[in-house]
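The values are calculated or read from the model by the stated rules, or taken from the named source; none is laboratory data. Since the structure is predicted, the reported quantities are computational estimates derived from the model, not experimental observations. Here the Cβ is made from the backbone with ideal geometry for all residues, glycine too, and neighbour counts use every protein chain on show.
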Amino acid sequence: MERKIFLDMDGTIANLYQTEGWMEDFENERPIFANLQPLVDIGKLRELCQNLKKEGFLVGIITWLPVRILQPEVIPITRNYRIRCIADKIAWIRKHGLDIDEFHALDYGTPKENAIPEDGSIAILVDDNLEIITNWEKKEGYFGIKVENGNTIDKIRKFLGI
């Protein structure tokens, strides 16, 4: 049985929410993702991903793309900004040397549990959003790891017993 582990980016491994002006950047469709600071010790995360792959895990990213929240409505981002955000997130992964097998960039609010096919694999999602984790775990063989405040690596190790 294949084992998969997927990391969320924003608020899980990349420090979006503590970056000054991030909401205005979204509203004005300015680039932001490629230059975010890591929220974790990136060397330890690289090592953890490498070790997981040696143990037979597929390692991936499932991340949401932004929306523009102009009170009181939510406006989807333009196609060009969507493409730019995807490219910036991939650039961030490469910049930090993360060896990822799969990358899924979803429109904001798209259920992450629908990003991958149900194929009988064990699928673990590491995310900072409890609602996303709760919905993920409704599928058989899907497990969630709720993280916060940069404790991602410790939480993964504890969950997997490594």
Q. Taking region 14-35 on its own, how many of its residues are among the hydrophobic types (A, V, I, L, M, F, W, C) and more than 18 Å from A87 (Cβ to Cβ)?
A. 1
Q: Looking only at region 120-141, decide whether some residue is in contact with a Leu (Cβ under 9 Å, 6 or more places away or on another chain), modelled with pLDDT under 95 and not charged (D, E, K, R).
A: yes
Q: Name the one entry in I93, I100 that is in a helix (DSSP H, G or I), closer than 23 Å to E55 by Cα and under 14 Å from the mean Cα position of the chain (by Cα).
A: I93
Q. Taking region 102-140, which residues are among the acidic types (D, E) and either surrounded by 14 or more Cβ atoms within 10 Å (Cβ to Cβ) or within 17 Å of F159 (Cβ to Cβ) (or both)?
A. E113, D127, D128, E137
Q. If a residue has to be hydrophobic (A, V, I, L, M, F, W, C) and under 14 Å from D10 (Cα atoms) to count, how many in region 63-90 make the cut?
A. 6
(Q) For region 150-162, check the following and say yes or no: at least one residue is under 16 Å from K4 (Cα atoms), at pLDDT below 95 and among the small types (G, A, S). (A) yes
Q: Please go through region 5-27 and pick out each residue that is in a loop (DSSP other than H, G, I, E, B), at negative phi and touching a residue at least 24 places away in the same chain (Cβ under 8 Å).
A: D8, M9, T12, I13, N15
Q: Only one of these is in contact with a helix residue (DSSP H, G or I) (Cβ under 8 Å, 6 or more places away or on another chain) and not small (G, A, S): D154, D119, D128, D99. Name it.
A: D99
Q. Would region 63-76 turn up any residue that is in a strand (DSSP E or B) and of a type in the set (S, T, N, Q)?
A. yes
Q: Being closer than 15 Å to I5 by Cβ and not aliphatic (A, V, I, L, M) is the filter; apply it to region 90-101 and report the residue that is surrounded by the fewest Cβ atoms within 10 Å (Cβ to Cβ).
A: D99
Q: Go through the residues of region 33-48 one by one and say whether even a single one is at pLDDT below 90 and within 28 Å of K155 (Cα to Cα).
A: yes
Q.
Looking at E113 and the list (1) within 18 Å of K53 (Cα to Cα); (2) over 12 Å from the mean Cα position of the chain (by Cα), which single condition is not satisfied?
A. (1)
Q.
Filter region 116-147 down to the residues that are in contact with a Gly (Cβ under 9 Å, 6 or more places away or on another chain), part of a loop (DSSP other than H, G, I, E, B) and touching a residue at least 40 places away in the same chain (Cβ under 8 Å) and list them by number.
A. I116, G120, S121, D128, N129, V147
